[in-house]
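Enquirer: Dropping the structure in here first, questions after.
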Amino acid sequence: MRARLVVVLGIVLLLCGCAPQGSGIPAIVPPAAPIVYAGSEPGDDNTWIRPAIVRLGNFEPGDTAEYSIEVHNGKSVQSMYHIAYRVPDRTYEGFVPLDAAGVRFVTIEPMALVLGPRETRMVLITVTVPKYETPPVAWEFWISVVDTEATGLIQHELCSRWTVMMKE
Amino acid sequence: MKHLRGFRYAIGLVAALALALSPMTAFALTTATVTIDVTPAYVSIATTNDTKDFGTVAAGLTNSTVNSTVDYFDVTNSGTVNATVTIKVVAWAHQTGSSDWTYGSPAADTGQLVFSVGTGLYDTVIPESPATEALFAALVPSTPDYFEVGIDMPTSFTHGDKQRAVITLTATAA
């Protein structure tokens with residue numbers, strides 16, 4: 001009788017989560033959506049990209065996800081923009097920066113755009129993790145957009161942040 | 001029989017306690033669907049003043065106490081999210097002649113750019129790409145901020161070719 005009670009109690013405690021844990025690493029949570037300032041949209045004469053952040057979740061090797069970013073030429077003349085995979089300078093908490101080799105997971109089409117004055121075009125970003133790959137549980141990369149015909153001493157690089165959380 | 005009933009009560013009590021005390025956990029069904037969550041905000045920065053000519057500067061001068069102005073460069077976040085802005089420089093390139101300086105701490109034909117954010121101290125080296133240095137942690141939309149750039153000149157020259165270095169400001173959502 002007592003033995004049965006001990007066994008049942010043990011099972012219940014295990015179900016309660018009192019079992020030894022596999023690791024003490026806290027669960028990684030997706031980055032919080034930032035505050036978006038409505039009403040401060042850039043005018044046609046500003047060069048911009050959109051969206052600022054793309055979060056992919058529930059991803060597993062063999063999956064593919066696609067999303068397009070917009071690139072706008074705010075200049076009054078035609079200009080060429082180079083779009084590239086970029087290793088992030090920093091990441092959201094719990095995410096690791098995917099190194100330069102991570103470019104193999106990302107396809108950019110097209111990688112160069114010639115935009116007329118005030119023109120906006122879409123660039124398709126495809127993220128594919130082959131089945132045999134084992135990327136980190138949570139990783140981040142950036143998509144970089146640079147005006148290659150800018151002439152000033154100060155030039156701008158605009159980046160869209162992409163985070164990927166793998167299915168655990 | 002009485003013992004068995006007591007045992008069942010014990011099990012029920014322990015199970016009820018377990019349910020009440022256990023953290024609420026939802027177990028989702030497995031799915032093959034990848035989720036995409038997008039913040040449809042704009043990333044954009046603008047700089048009104050985008051050039052600086054230091055002119056002719058003597059060898060060995062540092063921090064460009066000559067020809068430099070505090071808050072010379074302005075950066076405005078023209079996007080719709082707070083922007084983190086970093087700064088880096090592409091190596092020196094000759095504008096006249098055929099020889100380039102080396103980018104780095106002052107030495108023969110070797111110089112670098114430095115910056116500060118409104119202090120006039122010129123105390124932070126602008127790193128050579130791909131390395132970056134933080135400039136603004138969270139630039140608020142429509143609110144400009146400023147920085148100044150100086151130059152650490154080579155200690156000596158083997159040529160007088162005019163040099164140029166391009167600074168890149170990288171903006172992302174903060």
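The values are calculated or read from the model by the stated rules, or taken from the named source; none is laboratory data. Keep in mind that what you see is a predicted model, and the values were worked out from it rather than measured. As a convention, Cβ positions derive from the backbone with ideal geometry for all residues, glycine included, and neighbour counts pool all protein chains shown.
Enquirer: State which residue is nearest to B:His94 (Cα to Cα) when the search covers only the range B:26-75 and only residues that are modelled with pLDDT of 90 or more and of a type in the set (Phe, Trp, Tyr).
Expert: B:Phe73
Enquirer: Scan A:Ile125, A:Ile154 and give me the residue that is surrounded by 15 or more Cβ atoms within 10 Å (Cβ to Cβ) and within 17 Å of A:His82 (Cβ to Cβ). Break it down into steps so the answer makes sense when it comes.
Expert: Working: A:Ile154 fails: within 17 Å of A:His82 (Cβ to Cβ).
The unique qualifying residue is A:Ile125.
Enquirer: Let me ask something additional. Please verify whether the range A:119-133 includes one or more residues that are touching a Lys or Arg at 6+ places or on another chain (Cβ under 7 Å) and in a strand (DSSP E or B).
Expert: Of the range A:119-133, the ones touching a Lys or Arg at 6+ places or on another chain (Cβ under 7 Å) are none.
Checked the range A:119-133: no residue is touching a Lys or Arg at 6+ places or on another chain (Cβ under 7 Å) and in a strand (DSSP E or B).
Enquirer: Counting only residues that are under 24 Å from B:Ser98 (Cα atoms) and surrounded by fewer than 14 Cβ atoms within 10 Å (Cβ to Cβ), how many does the range B:126-158 have?
Expert: 2
Enquirer: Also, quick follow-up: Please tell me if A:Glu93 is modelled with pLDDT under 95, part of a loop (DSSP other than H, G, I, E, B) and more than 12 Å from every other protein chain (Cβ to nearest Cβ).
Expert: Details: modelled with pLDDT under 95: yes; part of a loop (DSSP other than H, G, I, E, B): yes; more than 12 Å from every other protein chain (Cβ to nearest Cβ): yes.
Considered against the rule, which asks whether it is modelled with pLDDT under 95, part of a loop (DSSP other than H, G, I, E, B) and more than 12 Å from every other protein chain (Cβ to nearest Cβ), A:Glu93 comes out as yes.
Enquirer: Assess whether A:Ala150 counts as being modelled with pLDDT of 95 or more, in contact with a His (Cβ under 8 Å, 6 or more places away or on another chain) and aliphatic (A, V, I, L, M). Talk me through it step by step, then tell me what you get.
Expert: Working: modelled with pLDDT of 95 or more: no; in contact with a His (Cβ under 8 Å, 6 or more places away or on another chain): yes; aliphatic (A, V, I, L, M): yes.
No.
Enquirer: Would you call B:Ala171 in contact (Cβ under 8 Å) with a residue 12 or more places away in the chain and touching a Leu at 6+ places or on another chain (Cβ under 9 Å)? Reasoning before the result, please.
Expert: Numbers: in contact (Cβ under 8 Å) with a residue 12 or more places away in the chain: yes; touching a Leu at 6+ places or on another chain (Cβ under 9 Å): yes.
Yes.
Enquirer: Test B:Thr143 against the criterion of being in contact (Cβ under 8 Å) with a residue 60 or more places away in the chain and farther than 15 Å from A:His156 by Cα, and give yes or no.
Expert: Numbers: in contact (Cβ under 8 Å) with a residue 60 or more places away in the chain: yes; farther than 15 Å from A:His156 by Cα: yes.
When the stated conditions are applied, B:Thr143 passes them.
Enquirer: Can you name the condition, by its number, that A:Ala33 falls short on among (1) among the aliphatic types (A, V, I, L, M); (2) exposed (fewer than 15 other Cβ atoms within 10 Å of the Cβ); (3) assigned to a loop (DSSP other than H, G, I, E, B)?
Expert: The single condition A:Ala33 does not satisfy is (2).
Enquirer: Looking at (1) under 21 Å from B:Ser44 (Cβ atoms); (2) without any contact (Cβ under 8 Å) to a residue 40 or more places away in the chain; (3) within 13 Å of chain B (Cβ to nearest Cβ), which one does A:Asp99 not meet, given that it meets all the others?
Expert: So A:Asp99 meets the others, but not (1).
Enquirer: Now for a separate question. Take the range A:96-118 and flag every residue that is assigned to a loop (DSSP other than H, G, I, E, B) and in contact with a Pro (Cβ under 9 Å, 6 or more places away or on another chain).
Expert: Filtering the range A:96-118 down to residues assigned to a loop (DSSP other than H, G, I, E, B) leaves A:98-99, A:110-111, A:116-118.
The answer is A:Leu98, and nothing else.
Enquirer: Among A:Gly94, A:Gly74, which is surrounded by 16 or more Cβ atoms within 10 Å (Cβ to Cβ) and farther than 19 Å from A:Leu158 by Cα?
Expert: Numbers: A:Gly74 fails: farther than 19 Å from A:Leu158 by Cα.
Being surrounded by 16 or more Cβ atoms within 10 Å (Cβ to Cβ) and farther than 19 Å from A:Leu158 by Cα holds for just one of A:Gly94, A:Gly74, which is A:Gly94.
Enquirer: Pick from A:Thr163, A:Thr134: which is within 11 Å of chain B (Cβ to nearest Cβ) and of a type in the set (Val, Ile, Thr)?
Expert: That would be A:Thr163, the only listed residue that is within 11 Å of chain B (Cβ to nearest Cβ) and of a type in the set (Val, Ile, Thr).
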